[in-house]
Amino acid sequence: MQRINEMIIPLLDEESSTIIKGENGITTITFYKGDSVAATTALRARLKEIAQANPWLAGRVVKNRQHKNLQLAYPIDPLSEEMIGRIFFDNPADVKISSDMGYEELFTAARSAIVQKGIKLVNKQECITRLTVVPDMHAPEKGFALIFSISHVAADGYTYYRIFNQLFTKDPVEALVVKRKQAAANRVVEVVGQQSFKFFHSVPFILNLVKGAMFGKKTKCHAFYVAPEKISQAKSRINGNHAEGVEFVSTNDILSSSFAKATGSRLCIMAVNLRSWIKDIDSNDAGNYAGGLLFDDETCARPANIRKAFQAGLPISAAAKPYPKFGEALSCRLSLISSWNDFQKSHDLDGCEQVLHLPLYDAKAAFPLDSAVVFKAKPEKLAVMYFTKTVEREKILSHCELGDPVSPRTFG
């Protein structure tokens, strides 16, 4: 039922898909040393500014007969303090956090600060956004954690950080465009190519993922800092070497290639921001405007091959050979890599020291394939978090350009 003074807009087809509806909210946790009281006051005030310009953050997910997709209902009137209190939480009693917790323990402790799966939000009163400040339970006077979560049915990683980054600056607030562009989103095939698009939505590919989720080994989580010297060495072997056929390779090319080889992937899915490729999707458009490139093992064999694929124009030719036929597609090894690095800006708070920034996933969930997320764990310090099902920690370390563990206490 529509409330008074409420706007309702349909979400994208992708945002109503089974996969997206089954995901917890996109969530990060950032640890700080400093005064949580002063930080809480500043963060609430800033969140209010951001939410007034982006009232959809206080929205809810609805489903009715007016549209085939899920819809987002959000207030039209200026947000009241009561409404801000529904998305901002100061030291809630049911969240007890410490920086020395293990990763799985950390997720469990933070669960109530994480926006629920999209399917559980439908026609409920819960808002799609939660910002929670929690003092460290072992040293509340010295440090605290900031947990920020947005429902995946309303945001991709790019949208998430466009909002999150604004918490840490005094610049004028930016309002994102919440009305969806379905016609533009349908043009994803122009980026990924017709064959890749068909394979991505084929029965054997989907069954492969289902099989991995239901019958695969337990997911193990590891996180390591990227070793700059190893990245530099890899780039020096390629950059300026005309025999490679490219002028340069990116850090992401290198990390993607090494991850695909470490996992022995027949196909490695690379998440890409469609705003970079489809002109009609603007940088200020909120929503899930992301696509997946299916790089095969031949392309992933060398970082230069990945760079060539990107430089060749649209659609991106991610596969050097035909995609697997039905039988192989049912059982071939798959992996996924996503980079948040380009989306992140400073997370510094006045008077506080940022200790660690982490994506927060349910590591106990049934991950269907080996996955990796590239992100900044500290200012200007790149890291990769791995959720592995088929490879052990030692193989990841031996194949990838990595250094020290992000946190020995958190990741063991």
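Could you please find all residues in segment 122-135 being crowded, with 24+ Cβ neighbours inside 10 Å and farther than 23 Å from Val37 by Cβ?
Within segment 122-135, just Ile128 meets the criteria.
Hey, any hits in segment 345-366 for a residue that's under 23 Å from Ser257 (Cβ atoms) and not in a strand (DSSP E or B)?
Let us first name the residues in segment 345-366 that are under 23 Å from Ser257 (Cβ atoms), namely 359.
Narrowing further to those that are not in a strand (DSSP E or B): none.
Checked against the condition, which is being under 23 Å from Ser257 (Cβ atoms) and not in a strand (DSSP E or B), segment 345-366 yields no hits at all.
Among Ser98, Ser149, Ser112, which is the only one that is touching a strand residue (DSSP E or B) at 6+ places or on another chain (Cβ under 7 Å), modelled with pLDDT of 95 or more and closer than 27 Å to Cys221 by Cα?
On the way: Ser98 fails: modelled with pLDDT of 95 or more; Ser112 fails: touching a strand residue (DSSP E or B) at 6+ places or on another chain (Cβ under 7 Å).
It is Ser149.
Considering segment 1-47 alone, what residues qualify as being among the β-branched types (Val, Ile, Thr) and in contact (Cβ under 8 Å) with a residue 12 or more places away in the chain? Outline the logic, then answer.
Here is the first cut: in segment 1-47, the ones among the β-branched types (Val, Ile, Thr) are 4, 8-9, 18-20, 26-30, 37, 40-41.
Those that are among the β-branched types (Val, Ile, Thr) and in contact (Cβ under 8 Å) with a residue 12 or more places away in the chain: Ile8, Ile9, Ile20, Ile26, Thr27, Thr28, Ile29, Thr30, Thr40.
Restricting the first residue to segment 210-224 and requiring it to be within 20 Å of Pro359 (Cβ to Cβ), which pairs with a second residue that is at pLDDT 90 or above and assigned to a helix (DSSP H, G or I) meet a Cβ separation below 7 Å and a spacing of at least six or different chains?
Going by the 7 Å Cβ cut-off, the qualifying pairs are Cys221/Tyr103; Cys221/Phe411; His222/Arg393; His222/Ile396; His222/Phe411; Ala223/Phe411.
Of these, Gly313, Gly292, Gly287, which one is surrounded by fewer than 22 Cβ atoms within 10 Å (Cβ to Cβ), at pLDDT 95 or above and small (Gly, Ala, Ser)?
Gly292
Please tell me if Ala154 is surrounded by fewer than 14 Cβ atoms within 10 Å (Cβ to Cβ) and modelled with pLDDT of 95 or more. Explain how you work it out, then say what you get.
On the way: surrounded by fewer than 14 Cβ atoms within 10 Å (Cβ to Cβ): no; modelled with pLDDT of 95 or more: yes.
No.
Kindly indicate the residue of segment 247-279 that is part of a loop (DSSP other than H, G, I, E, B) and over 28 Å from Arg187 (Cα atoms) and also nearest to the chain's Cα centre (by Cα) among those meeting that condition.
The extreme case among them is Gly264.
So, in segment 10-49, how many residues would count as being in contact with a strand residue (DSSP E or B) (Cβ under 7 Å, 6 or more places away or on another chain) and surrounded by 16 or more Cβ atoms within 10 Å (Cβ to Cβ)?
Initial filter on segment 10-49 (in contact with a strand residue (DSSP E or B) (Cβ under 7 Å, 6 or more places away or on another chain)): 10-11, 25-34, 36, 39-40, 43-44, 47.
Now drop any that are not surrounded by 16 or more Cβ atoms within 10 Å (Cβ to Cβ), which leaves 10-11, 25-32, 34, 36, 39-40, 43-44, 47.
Qualifying residue count, segment 10-49: 17.
Going through segment 367-399 one residue at a time, which ones are assigned to a strand (DSSP E or B) and more than 26 Å from Ala329 (Cβ to Cβ)?
Pass one, segment 367-399, residues assigned to a strand (DSSP E or B): 370-378, 381-388.
Once the filter is applied, which keeps residues that are assigned to a strand (DSSP E or B) and more than 26 Å from Ala329 (Cβ to Cβ), segment 367-399 yields Val374, Phe375, Lys376, Ala377, Lys378, Lys381, Leu382, Ala383, Val384, Met385.
Which one of these is surrounded by fewer than 22 Cβ atoms within 10 Å (Cβ to Cβ), within 30 Å of Thr410 (Cβ to Cβ) and at pLDDT 95 or above: Glu298, Glu229? Explain how you work it out, then say what you get.
Values: Glu298 fails: within 30 Å of Thr410 (Cβ to Cβ).
Sole residue among the options that is surrounded by fewer than 22 Cβ atoms within 10 Å (Cβ to Cβ), within 30 Å of Thr410 (Cβ to Cβ) and at pLDDT 95 or above: Glu229.
Which members of segment 345-362 meet the condition of being under 16 Å from the mean Cα position of the chain (by Cα) and either of a type in the set (Lys, Arg) or buried (at least 20 other Cβ atoms within 10 Å of the Cβ) (or both)?
Lys345, His357, Leu358, Leu360, Tyr361 - these are the residues of segment 345-362 that are under 16 Å from the mean Cα position of the chain (by Cα) and either of a type in the set (Lys, Arg) or buried (at least 20 other Cβ atoms within 10 Å of the Cβ) (or both).
The values are calculated or read from the model by the stated rules, or taken from the named source; none is laboratory data. What you see is a predicted model, and the numbers here were worked out from it, not measured in a lab. Here Cβ is always computed from backbone atoms with ideal geometry, including for glycine, and neighbour counts include all displayed protein chains.
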